[in-house]
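**Student:** The structure under discussion is supplied below as structure tokens; questions concerning it will follow.
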Amino acid sequence: MLIAPKQAELAIPPDPFLERNVMSVRVRFAPSPTGQVHIGNIRTAIFNYLFARHENGEFLLRVEDTDRERSTDAAVKGVLDAMAWLGLDVDEEPMYQSTRTDAHLAVAQDLLDRGLAYKADKGDTGKGEAIIFRIPEGSLRFTDVLKGELTKSAEDVPDLVIVRSNGAPVFHLANVVDDIEMGITHVIRGDDHIENTYRHVALYDAIGAPVPSFCHLPMIVNQHGKPYSKRDGSAFVGEFRDTGFLPDAFLNYLSLLGWSPGDDLEVMDRQRLIDLFSLERIRSSASQMDMKKLMWMNGEFMRALPREMFSTGFEQSLSDAGFDSEVHGDAYKASVVALMQERTKLWADIGRDSGFFFTEAFGFDPKAARKRLQKDGVTEVLVALRELLLGLQDFSDVTVETAVRGYGEANDIPVGSLVNPLRVACSGLGHGPGLFEMLSLLGQDRVCARIERACALILTGTFPEIP
Ligand code: GLU
């Protein structure tokens, strides 16, 4: 890379335009719009984006839509939507490769004219001749930022079709010509392109353009070390968005798929990611997609959301799930929100985890009902607890807790045999916020009525299920 002379050595003040041209990093995301945006693709976009922002450089988008049969407008829209959702803003208008055919063909013609390419009938259409780039003899080499010096004997690399016999430029030609045209300084892409890169550096040389830096990112794999695909779970950006992941959490998680800033630092906002990002700290080994960790990370971002924002999302999610968050007024709703923000991992879970606060006709998790309610002696315990709670003068969490624990001690019943049935009876769930806070918030009347309802359901032996 070119180094600008030090200030002190300059006789005239530095020309800012020149400086920018010498120093500025320009990178691009170059997806082929042939389907939904896979997490591996968007991770490439994220690394390019973080690198550009860290370096005060430029981040560009090039839509590689030369394959007219497989490229679709819907897929282009998918790319733009995914980037907008994650806030991966670009610095220039996107380049659409399909508009650049003439430029690609001109380069092919020039290579032909200079004897660096030749025509041959590849027999694929019978309509004409393909243009083939002659791979020079010797060795093909380039330096990868992560993998170091990579070399391959040219004997192992067959000559390269750059224009098909139907006149269409091939990916390799279009990719290289457009990277040159866009002034790309660093090509950051998946390591499935390494074999292509050997050919691409030969093309750069033949064209007479400087070879950019290459950084090939390790694959994203499943728990068996195989490429992560939709068979392993959600694999497309749109699915994560629709499930209710927060864009900043998703951005943070994907940045850690292959990169880390060190010091066990994991939860970072966008600016921190930008500040700390460097290509040198990308791991060269494959990175394993871990849904549990992504979920945990989303929970961290949920907790950190301004209360107002969480509250808006909470209400929306509840109403999407068919609950009326207004039934008990604003103060009650605000208390539930405060209690649940701590423990919400996904918008999509809110109906299931918080719906019971807003209806008396809530359903039950069948497993929790079986384990905690449909057992001998549970009805007796619940009836006694109801009696106890009904007699309390106030219903603060402390009072309820003291009463329940006291009852257990006096009757020699382990506290688990009291709190577990109580929780499922009053919420339908086996997990949730602190039980006593939850009961206090629900209030004495509703808690007692819910216990009665649970006892009646135990008697019938059937529980309405949570949707
Ligand atoms: N369209 C290619 C892909 O999606 C681009 C590769 C590149 O970044 O150069 O794999």
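The values are calculated or read from the model by the stated rules, or taken from the named source; none is laboratory data. These numbers were taken from a predicted model, which means no experiment stands behind them. No Cβ is skipped: glycine too gets one built from the backbone with ideal geometry, and neighbour counts run over all protein chains shown. Note: areas computed on protein heavy atoms with side chains; ligands, DNA, RNA excluded. Shrake-Rupley method; radii C 1.70, N 1.55, O 1.52, S 1.80 Å.
**Student:** Cβ contacts < 8 Å: first residue within 12 Å of Phe214 (Cα to Cα), restricted to segment 181-200; second residue of a type in the set (Ser, Thr, Tyr) and more than 8 Å from the ligand (Cβ to nearest atom), any location; separation 6+ or different chain. Result?
**Tutor:** From segment 181-200, the pairs are Thr185/Ser24; Thr185/Ser213; His186/Ser213; Val187/Thr197; Val187/Ser213.
**Student:** Another one. Residue under question is Phe142, and the condition is that it be within 15 Å of the ligand (Cβ to nearest atom) and open to solvent by 20 Å² or more (accessible area, probe 1.4 Å); does it hold? First the steps, then the outcome.
**Tutor:** Working: within 15 Å of the ligand (Cβ to nearest atom): yes; open to solvent by 20 Å² or more (accessible area, probe 1.4 Å): no.
Answer is no for this residue.
**Student:** Suppose we keep only residues that are of a type in the set (Phe, Trp, Tyr) and closer than 15 Å to Glu315 by Cβ within segment 352-370. Which one would you say is surrounded by the fewest Cβ atoms within 10 Å (Cβ to Cβ)?
**Tutor:** Our first condition is that a residue be of a type in the set (Phe, Trp, Tyr); within segment 352-370, this holds for 356-358, 362, 364.
Those still in the list that are closer than 15 Å to Glu315 by Cβ too: 357-358.
Numbers: Phe357: 26, Phe358: 21.
By that ranking, first place goes to Phe358.
**Student:** Restricting attention to segment 257-272, and to residues there that are free of Cβ contacts under 8 Å to residues at least 24 places away in the same chain and assigned to a loop (DSSP other than H, G, I, E, B), which single residue is farthest from the chain's Cα centre (by Cα)? Even if it seems obvious, please write down each step before you answer.
**Tutor:** Pass one, segment 257-272, residues free of Cβ contacts under 8 Å to residues at least 24 places away in the same chain: 260-265, 268-269, 271-272.
Restricting the remaining residues to those that are assigned to a loop (DSSP other than H, G, I, E, B) gives 260-265, 268-269.
Numbers: Ser260: 16, Pro261: 18, Gly262: 21, Asp263: 22, Asp264: 20, Leu265: 18, Met268: 14, Asp269: 14 Å.
Here the answer is Asp263.
**Student:** Of the residues in segment 408-421, how many are touching a helix residue (DSSP H, G or I) at 6+ places or on another chain (Cβ under 6 Å), farther than 13 Å from Leu439 by Cβ and assigned to a helix (DSSP H, G or I)? Even if it seems obvious, please write down each step before you answer.
**Tutor:** Filtering segment 408-421 for residues touching a helix residue (DSSP H, G or I) at 6+ places or on another chain (Cβ under 6 Å) gives 408, 415, 418-421.
If we keep only those that are farther than 13 Å from Leu439 by Cβ too, we end up with 408, 415, 420.
Still in the list and also assigned to a helix (DSSP H, G or I): 408, 420.
Final tally of qualifying residues: 2.
**Student:** Related question: Has segment 217-229 got any residue that is in contact with a Lys or Arg (Cβ under 8 Å, 6 or more places away or on another chain), open to solvent by 50 Å² or more (accessible area, probe 1.4 Å) and within 16 Å of the ligand (Cβ to nearest atom)?
**Tutor:** No; the residues of segment 217-229 include none that is in contact with a Lys or Arg (Cβ under 8 Å, 6 or more places away or on another chain), open to solvent by 50 Å² or more (accessible area, probe 1.4 Å) and within 16 Å of the ligand (Cβ to nearest atom).
Here's the yes/no breakdown for (1) touching a helix residue (DSSP H, G or I) at 6+ places or on another chain (Cβ under 8 Å); (2) of a type outside the set (Asp, Glu); (3) within 13 Å of the ligand (Cβ to nearest atom):
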position	(1), (2), (3)
Asn56	no, yes, no
Val63	yes, yes, yes
Thr66	yes, yes, yes
Arg70	no, yes, yes
Lys77	no, yes, no
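**Student:** Output the number of the condition that Ala384 fails; it satisfies all remaining conditions of (1) surrounded by fewer than 18 Cβ atoms within 10 Å (Cβ to Cβ); (2) under 41 Å from the mean Cα position of the chain (by Cα); (3) of a type in the set (Gly, Ala, Ser).
**Tutor:** If we test Ala384 against (1) surrounded by fewer than 18 Cβ atoms within 10 Å (Cβ to Cβ); (2) under 41 Å from the mean Cα position of the chain (by Cα); (3) of a type in the set (Gly, Ala, Ser), just (2) comes out false.
**Student:** If you go through segment 423-431 one residue at a time, do you hit one that is assigned to a loop (DSSP other than H, G, I, E, B) and of a type in the set (Ser, Thr, Tyr)? It would help to see each step written out before you state the result.
**Tutor:** So the first thing to find is which residues in segment 423-431 are assigned to a loop (DSSP other than H, G, I, E, B), and the list is 428-431.
Checking which are of a type in the set (Ser, Thr, Tyr) leaves us with none.
No, every residue in segment 423-431 fails to be assigned to a loop (DSSP other than H, G, I, E, B) and of a type in the set (Ser, Thr, Tyr).
**Student:** Report, by residue number, each residue of segment 158-168 that is open to solvent by less than 40 Å² (accessible area, probe 1.4 Å) and more than 15 Å from Leu116 (Cβ to Cβ).
**Tutor:** Within segment 158-168, Ser165, Gly167, Ala168 qualify.
**Student:** Looking at (1) more than 13 Å from the ligand (Cβ to nearest atom); (2) without any contact (Cβ under 8 Å) to a residue 24 or more places away in the chain, find the lone condition where Phe133 falls short.
**Tutor:** (2)
**Student:** So the check is Cβ under 8 Å with 6+ separation or different chains; which pairs have a first residue in segment 440-467 that's over 29 Å from Gln393 (Cβ atoms) and a second one that's exposed (fewer than 12 other Cβ atoms within 10 Å of the Cβ)?
**Tutor:** Listed by first residue and then by second, the contacts come to Pro464/Ala361; Pro467/Gly322.
**Student:** For residues that are of a type in the set (Asp, Glu) and open to solvent by less than 30 Å² (accessible area, probe 1.4 Å), scanning just segment 169-203, find the one that is nearest to Asp67 (Cα to Cα).
**Tutor:** Step by step, filter segment 169-203, then rank; the result is Asp178.
**Student:** Has segment 204-211 got any residue that is under 31 Å from the mean Cα position of the chain (by Cα) and open to solvent by less than 30 Å² (accessible area, probe 1.4 Å)?
**Tutor:** First, the residues of segment 204-211 that are under 31 Å from the mean Cα position of the chain (by Cα): none.
Checking segment 204-211: not a single residue is under 31 Å from the mean Cα position of the chain (by Cα) and open to solvent by less than 30 Å² (accessible area, probe 1.4 Å).
For every residue, the table says whether it meets (1) modelled with pLDDT under 95; (2) polar (S, T, N, Q); (3) under 27 Å from Ser98 (Cα atoms); (4) part of a loop (DSSP other than H, G, I, E, B).
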position: Ala8; (1), (2), (3), (4): yes, no, no, no
position: Val27; (1), (2), (3), (4): no, no, yes, no
position: Ala45; (1), (2), (3), (4): no, no, yes, no
position: Arg53; (1), (2), (3), (4): no, no, no, no
position: Arg68; (1), (2), (3), (4): yes, no, yes, yes
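**Student:** Something else about it: Of the residues in segment 298-325, how many are without any contact (Cβ under 8 Å) to a residue 40 or more places away in the chain and farther than 29 Å from Leu254 by Cα?
**Tutor:** Qualifying residue count for the region: 4.
**Student:** Taking segment 21-52 as the search range and keeping residues that are within 13 Å of the ligand (Cβ to nearest atom) and of a type in the set (Ser, Thr, Tyr), which one is least open to solvent (accessible area, probe 1.4 Å)?
**Tutor:** Thr44
**Student:** Against the definition (surrounded by 15 or more Cβ atoms within 10 Å (Cβ to Cβ) and among the basic types (Lys, Arg)), how does Arg272 come out, yes or no? If you could, list the steps in order and put the result at the bottom.
**Tutor:** Details: surrounded by 15 or more Cβ atoms within 10 Å (Cβ to Cβ): no; among the basic types (Lys, Arg): yes.
Against the criterion (surrounded by 15 or more Cβ atoms within 10 Å (Cβ to Cβ) and among the basic types (Lys, Arg)), Arg272 does not qualify.
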